[in-house]
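Heads up, the thing below is written out as structure tokens.
The values are calculated or read from the model by the stated rules, or taken from the named source; none is laboratory data. Note that the structure is predicted; figures quoted are calculated from it, not measured. We place every Cβ from the backbone using ideal geometry, glycine too, and count neighbours over all the protein chains shown.
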Amino acid sequence: MKTTGDPIDFGFLLIPQFSMLSFAGVLEPLRMANRLAGAPLYRWWLFTPDDQPVLASNGIPFRPTAEIGHPGPLDTLIVVASIDVASYCTPAILHWLRALASRGINLGATSVGPLLLAKAGLLNHRRCTLHWENINGLREEFPDLDLTNELYEIDGKRLTCSGGTAGLDMMMHLIGQRHGYQLAVDVAEQCIHPEIRESRASQRLSLRNRLNVTNPHLVAVIECMELHLEDTLSCDQLARQVGLSVRHMHRLFKKNLAMSPSAFYLDLRLKRARALLEQTGLPISEIALACGFAAAPHFASCYKRRFKQTPSSERLRSLNDYPRNY
């Protein structure tokens, strides 16, 4: 039985091709907290799906330091994964995660790891998040999840994080809760992390920075497009939404983005379709509808013009390619 002064035990389930940046984001703050406190506040153990060494996305191998069959007295387990996580949603892993949850262990995940918790049914009725590029895919696959765009979410015994440096913010929040705000600040300074971001901070750069545009009307039109990728709006409707004439809206797109509003809108929809093809097992006909295409043949034609391959070829390629990681 643990006492108040005992170290807090973290486990990390490393899914092959996991992102090193995401792993460092949730592990290094614990190490720094121990060093700054001059005491072993935290211990950690590494698990892998089959108790064998795994490679990170950069090719560096990691050996497990504990076995799944003998997890020990964990306080928290965090799944560290990237885009290939669906390949490791095996019955054995899902059963293990459910068993840990039944013991009252905190369960978390970073980057695309929340998909594993969702498939285990462990995010039902909990707020959760994951990497911004995968949010639409998870929403399509699990429409009933309370999925947010936050940097991280802590809801009871579930902790989910969007990955990368957002892990620093989540872990410093936890350190602050357990060991005081000043230690969290000291850890942040060691990380050269000048601000501990709140969970509601944006995952992404603003539209202005992403597209290098400053005109507020143009930004408003694009934001409206992003909100209506499935139930698409006409140019007339878009212009009315932001109080512009259609002619003025066309001029703004031509001047700032060198394309028409309809071409830009189509590109947004096709990029979302590409992400869904790579990240989900949804039928291509459903992906077409989710991206505002009423007919699958029209979707396939537009897709091939944009990406030089059909949606079915894209899906096959994504299954065979080396995974992208965050």
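Details
- The condition (being under 22 Å from Pro7 (Cα atoms) and of a type in the set (Val, Ile, Thr)) is satisfied by just one residue among Thr65, Thr90: Thr65.
- Inspection of segment 45-57 finds no residue satisfying the criterion of being surrounded by fewer than 16 Cβ atoms within 10 Å (Cβ to Cβ) and touching a residue at least 60 places away in the same chain (Cβ under 8 Å).
- Residue list for segment 64-77, filter: more than 10 Å from Leu14 (Cβ to Cβ) and either part of a loop (DSSP other than H, G, I, E, B) or out of contact with any strand residue (DSSP E or B) (no Cβ under 6 Å at 6 or more places or on another chain) (or both): Thr65, Ala66, Glu67, Ile68, Gly69, His70, Pro71, Gly72, Pro73, Leu74, Asp75
- Candidate set: segment 271-285, residues that are surrounded by fewer than 20 Cβ atoms within 10 Å (Cβ to Cβ) and either within 11 Å of Phe299 (Cβ to Cβ) or not assigned by TED's automatic domain parsing to the domain that holds Leu238 (or both); chosen: the one farthest from the chain's Cα centre (by Cα): Ser285
- Residue count for segment 1-57 satisfying the condition of being in a helix (DSSP H, G or I) and more than 23 Å from the chain's Cα centre (by Cα): 7.
- The requirement of being without any contact (Cβ under 8 Å) to a residue 60 or more places away in the chain and within 20 Å of Asn134 (Cα to Cα) is not satisfied by Pro297.
- Flag for Arg210 being more than 23 Å from Leu13 (Cβ to Cβ) and assigned to a helix (DSSP H, G or I): yes
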